[in-house]
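Note sheet for the following structure.
The values are calculated or read from the model by the stated rules, or taken from the named source; none is laboratory data. Quick caveat, the model's predicted, so the values are computed rather than measured. Note that each Cβ is placed from the backbone with ideal geometry, even for glycine, and that neighbours are counted across all protein chains shown. Remember, those area values only see protein heavy atoms, side chains included, never the ligands or the DNA or RNA. Shrake-Rupley method; radii C 1.70, N 1.55, O 1.52, S 1.80 Å.
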Amino acid sequence: MSNIITAPALDIARIRADFPLLEGEMRGKPLVFLDSAASSQKPQQVLDALDYYYRHQNANVHRGVYELSQQATDAFELGRERARHFLNAGSTQEVIFVKGCTDGINLVASSFGRKFLREGDEVIISAMEHHSNIVPWQLACEYSGAILKVIPINDRGELIMEEYKKLLSERTKIVSIVHVSNALGTINPAKEIIDLAHERGIPVLLDGAQATPHMKVDVQALDVDFYTFSGHKVFGPTGIGILYGKKKWLDAMPPYQGGGEMIATVSFEKTTYNELPFKFEAGTPDISGAVGLGVALEYIEQIGQENISAHEQQLLEAATKQLLAIDGLRIVGTAENKASVISFLIEGTHPYDLGTILDKLGIAVRTGHHCTQPLMDRFEIPGTVRASFAVYNTMEDVDKLVAGVKRAANMLR
């Protein structure tokens, strides 16, 4: 693992105290939560913000002239401004509230696809994509007659960049790549991917679901055209997420859905559409979700994303070293640059059985294909056990994981 920086002395005990659920038990054992790649726990600050909104500010946004509606609108739009700051987007017009990362990708695949994809065009994804960055593009290709191209990976779980370069052509209309793999932890070379595509005038979407919880993302420095992530993976509520898009692309794309809010005028003969970002936000939005997401992003920035990255890298390095010392254990995904995910298998055991025993020990991990079935096919495995870290995890969690895996392996073999 490279790019390891020295972590400042984060007060992890104080951080853990912000997360009430971590004080609980599972199966009668103190909870060791190692499934943050699926969904992170929520700090008290986010829970308080949600509670305050519903107790004191609950009203619909944008259309009310009364004071309560204006307060709700201000709280909602503060969430957008916090998301803009979090990503360093140039304008809140480029920050669209969506249901989550999957919804953000579907929005682009549907809207961009209708506008720009034609028969014979090509869309590039990679072999390590989550299903949410495969299926929307398959649908777009089916509707348009375009062709899906896939960048292969090597045995370490890294993109083969020479093959990516070969795939780029005048037929390529968009590249859509995961920033950090949810199953392998691989950090893809996003800037290089974008620069190579832009040399040919091709826009790039990055799936940032697994990147935003663990590293600083600057959409202007990346020069990325679309970037999307989910609120529930960054300590925010479920059902809310962000799609960033460059204004030039969002202006050129048709609305994704029709309804209230996204219109300027409506008659039975013709509808004109609202300005950005509301053009892509049909219907009453998830107001409380936006409020909670804004607080969650502020929480991350207060800790410092560089500090979070450094702490998690220390956990990742320690867990990797200790797990590899277990007889028969193999880590799937050994890229040079990784975020805080370890997928592994133990010879002679099924990942589901291993995960079930860990559950009985109070250790929450994910088992299965992690919504990356083509990736599992690439490695010719049914799935893995995945442990994933967040800033609230500790070296004690790592020790309990390693001890639990040893115990489970001895029981199963």
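By accessible area of protein heavy atoms, probe 1.4 Å, what ranking do 376, 395 get, highest first?
The most accessible residue leads, giving 395, 376.
Please list the non-local residues whose amide H lies under 5 Å from the amide H of residue 172, H modeled 1.01 Å from N, same-chain partners needing a gap of 5 or more.
Here the answer is 122, since their amide H atoms fall under 5 Å of that of residue 172.
With an 8 Å cut-off on Cα pairs and a minimum separation of 6 or more residues, tell me the relative contact order of the chain in percent.
Result for the chain is 24 percent.
Looking only at GluC sites (Glu not before Pro) in DSSP loops with at most 10 other Cβ atoms within 10 Å, what is the longest site-free stretch of the chain?
1-118
Report the Cα centroid-to-centroid distance between the range 100-174 and the range 244-321 in angstrom, as an integer.
21 Å
Placing unit charges on C-beta atoms (Lys and Arg positive, Asp and Glu negative, everything else neutral), compute the dipole magnitude of the chain about its Cα centre in debye, rounded to 20.
480 debye
Given H placed 1.01 Å from N in the peptide plane, which residues other than close sequence neighbours of residue 98 have an amide H under 5 Å from its amide H?
Amide H to amide H, under 5 Å and 5 or more residues apart or across chains, residue 98 pairs with 241, 242, 243.
Quick check: the distance between the Cα centres of the range 25-61 and the range 337-413, to the nearest angstrom?
A separation of 24 Å, based on Cα centres.
Amide H of residue 61 versus every other amide H placed in the peptide plane: which residues, excluding those fewer than 5 positions away on the same chain, fall under 5 Å?
none
Using a simple spin-label model with points 7 Å from Cα along the Cα→Cβ vector, what separation in nm is obtained for residue 412 and residue 269?
The answer from the label model is 6.8 nm.
What value, in deg cm²/dmol to 500, does the helix sum -39500 (n - 2.57) over DSSP H runs of n ≥ 4 give at 222 nm once divided by the residues of the chain?
Mean residue ellipticity at 222 nm (helix-derived): -12000 deg cm²/dmol.
Hey, what do the phi angles of the range 363-370 turn into as Karplus ³J(HN,Hα) couplings, whole Hz, using 6.51/-1.76/1.60 and θ = phi - 60°, x for Gly and Pro?
With coefficients 6.51, -1.76 and 1.60, one gets 10, 9, 10, 9, 10, x, 8, 6 Hz.
Please return the longest stretch of the chain lacking exposed loop sites, where chymotrypsin sites (Phe, Trp or Tyr not before Pro) count only if DSSP places them in a loop and at most 10 other Cβ atoms lie within 10 Å.
Between exposed loop sites, the widest span is 67-267.
Say each of residue 21 and residue 156 gets a label point 7 Å from the Cα, pointing the same way as Cα to Cβ; how far apart are those two points in nm?
The two pseudo-label positions are separated by 3.5 nm.
If Lys and Arg each add +1 and Asp and Glu each add -1, what is the summed charge of the other residues whose beta carbon sits under 15 Å from the beta carbon of residue 43? Don't jump to the answer; show the numbers that get you there.
On the way: positive: 14, 16, 42, 82, 233; negative: 11, 18, 23, 48, 51, 298, 301.
So the environment of residue 43 carries a net charge of -2.
Among 264, 304, 249, pick out the residue whose Cα is farthest towards the positive end of the charge dipole of the range 239-376, where Lys and Arg carry +1 and Asp and Glu carry -1 on C-beta, about the Cα centre.
Positive-most Cα among the choices belongs to 249.
So which of 99/233; 166/216; 42/99; 191/216; 246/279; 42/191 end up more than 20 Å apart, counting from Cα to Cα?
Too far apart for the 20 Å limit: 166/216; 42/191.
List, in order, the whole-Hz ³J(HN,Hα) value for each residue of the range 264-280 obtained from phi through the Karplus relation with A = 6.51, B = -1.76, C = 1.60 and θ = phi - 60°; use x for Gly and Pro.
For the range 264-280, the Karplus-derived couplings read 9, 9, 9, 9, 5, 8, 6, 10, 10, 9, 5, 6, 5, x, 5, 4, 10 Hz, x marking Gly and Pro.
Out of the total accessible area of the chain (probe 1.4 Å, heavy atoms of protein only), what percent is carbon and sulfur?
Whole-percent figure for carbon plus sulfur exposure: 51.
Excluding same-chain residues fewer than 8 positions from residue 165, which aspartates and glutamates have a Cα within less than 15 Å of its Cα?
Hits, sequence-local ones excluded: 122, 192, 195, 199.
Enumerate the residues in the range 217-239 having an amide nitrogen under 18 Å from the point lying 7 Å beyond the Cα of residue 337 toward its Cβ.
Taking a point 7 Å out along Cα→Cβ of residue 337, the residues of the range 217-239 whose backbone N falls under 18 Å are 217-228.
Taking 7 Å along the Cα-to-C-beta vector as the label spot, tell me the residue 66-residue 199 distance in nanometres, rounded to one decimal.
Taking the simple label geometry, residue 66 and residue 199 are separated by 6.0 nm.
Determine ³J(HN,Hα), in whole Hz, for all residues of the range 211-227 in sequence, where each value follows from phi through the Karplus function 6.51 cos²θ - 1.76 cosθ + 1.60 and θ = phi - 60°; x replaces Gly and Pro.
For the range 211-227, the Karplus curve yields 8, 4, x, 10, 8, 6, 10, 10, 5, 6, 5, 5, 6, 7, 8, 9, 9 Hz.
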